[in-house]
Every structure is written in structure tokens, then in C-alpha cells.
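Written out below as C-alpha cells is the structure these notes cover.
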Amino acid sequence: MLLVVVILVVVAGGTVGYYFLSDRDGFEVRRETSPDNGSERYEKKITHLYFSDSEERFLKAEERILPVYDTMSENARAAVEALISGPNGKLSRTIPEGTVLLSIYLTPDRTAYVDFDETITEKHPGGAGSELLTVFSIVNTLTLNFPEIDKVKILIRGREHKTLAGHVFLQQSFDANLLLIR
């Protein structure tokens, strides 16, 4: 009986220690020198942005180092704006160039509302596969990088839009889709 108690205490202590001493969201946080003032320090985090592969069939992660801000909304905004700016490497953009992120906010039920201007629909190339990759590049970027976000709802100018470009219904919130990631 004493052995069982000792094992439970060791396991519980290890779990608590791991929780408090580890990076809980699973991504490396780095401290770097501020470009404005060499003496100031600020944090940056490795973030995985999901872009389309060259055949536009799957999503692939591209690592970016983004600043860590004071609020979840600011961190999520930085990730989506980096996604809008497009990939640095061989991957393909999923959000039309010129799209503007108007706002992003998180509700108590852990849903992120991401509000774009109409460019995302007007300049979208269309097609069911392309729309699916656009939606899940946004959803996967947010839900897989930020543990505080479980679902994503996409809005256009603050309102629900029936579809992105005729195929993927936007009148629901979306969970991550790991099947699209390669």
C-alpha cells in the first residue's frame, strides 16, 4: 500500500512540475533584442501557418517566427495577417492578395470570429477544393497554434456569408481538419 502511495505522489509531482515548467502551448518562445532599442527584450514564438501545396490538394505548414503580444486577439491577428501575406517558400497562398483582416475576437466558448473584407470572396479563384483549403488554412492556423481557440467562424464585413465563393458554407464554425495536412 505504501508503494502505491509513493508512486502516486511521484507521478502527481512530476505532472505538476511539467505543467508549471514547460511551454504549455507546445511552441518555442524566444527572447530577442528589439530592433528599435538594442537593450529592450521581447518575445517571439514559432507559429505554423498553413498554406496550399503546389497541386492545391493539401495544406502544408510553414514555420514563421511571430512576436508575442499581450492579448490572444493580437497574437491571433498576427498569425492571420502573416497568412494573408502569403508563403515565403514553395507553397501557394490560400487567401487572395489584398484581403484585409478587419477584426478578430474570441468568445467565452473558445470560438474565434475572424472578420475579413469582401476581397476574400470577390477575388477568390473559386472551386470547392480551393475554398476548402482557404477555410482550413485559417482554421488550422488558429486552432493548432493557439490552445485557447477550439473553433473558428469566418465573417465578411461583420456578417455571416452563405459561402466563400459558392461551395463551402460559412454559416457554421469550424474545427481543425487534420486530414488536409501533409
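Table for the structure above
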{"quantity": "Test for GLU160: is it farther than 15 Å from LYS60 by Cβ, acidic (Asp, Glu) and free of Cβ contacts under 8 Å to residues at least 24 places away in the same chain", "calculated": "yes"}
{"quantity": "Any chance GLY13 is part of a helix (DSSP H, G or I), farther than 30 Å from THR121 by Cα and at pLDDT below 50", "calculated": "yes"}
{"quantity": "Qualifying residue in region 129-143 (condition: closer than 18 Å to ARG77 by Cβ and among the small types (Gly, Ala, Ser))", "calculated": "yes"}
{"quantity": "Leading residue by the ranking (surrounded by the fewest Cβ atoms within 10 Å (Cβ to Cβ)) among those in region 92-121 that are part of a loop (DSSP other than H, G, I, E, B) and in contact with a Leu (Cβ under 9 Å, 6 or more places away or on another chain)", "calculated": "ASP117"}
{"quantity": "Members of region 46-83 that are in contact with a Pro (Cβ under 8 Å, 6 or more places away or on another chain) and either within 17 Å of ILE104 (Cβ to Cβ) or touching a residue at least 40 places away in the same chain (Cβ under 8 Å) (or both)", "calculated": "LEU49, PHE51, ALA78"}
{"quantity": "Residue within region 58-70 that is at pLDDT 50 or above, surrounded by fewer than 10 Cβ atoms within 10 Å (Cβ to Cβ) and over 20 Å from LEU133 (Cα atoms) present", "calculated": "yes"}
{"quantity": "Any hit, region 71-87, residues being of a type in the set (Lys, Arg) and not in a helix (DSSP H, G or I)", "calculated": "no"}
{"quantity": "Single match in SER103, SER85, SER92 (criterion: out of contact with any His (no Cβ under 7 Å at 6 or more places or on another chain), of a type in the set (S, T, N, Q) and within 14 Å of GLU56 (Cβ to Cβ))", "calculated": "SER92"}
{"quantity": "Looking only at region 148-182, and only at residues there that are surrounded by fewer than 17 Cβ atoms within 10 Å (Cβ to Cβ) and of a type in the set (D, E, K, R), the one that is farthest from LEU102 (Cα to Cα)", "calculated": "ARG182"}
{"quantity": "Test set (1) crowded, with 18+ Cβ neighbours inside 10 Å; (2) farther than 18 Å from HIS48 by Cβ; (3) touching a strand residue (DSSP E or B) at 6+ places or on another chain (Cβ under 6 Å) - ASN145 fails condition number", "calculated": "(2)"}
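The values are calculated or read from the model by the stated rules, or taken from the named source; none is laboratory data. This one's a predicted model, so the numbers in the text were calculated from it and none came from an experiment. Every residue, glycine among them, receives a Cβ derived from its backbone with ideal geometry; neighbour counts consider all protein chains shown.
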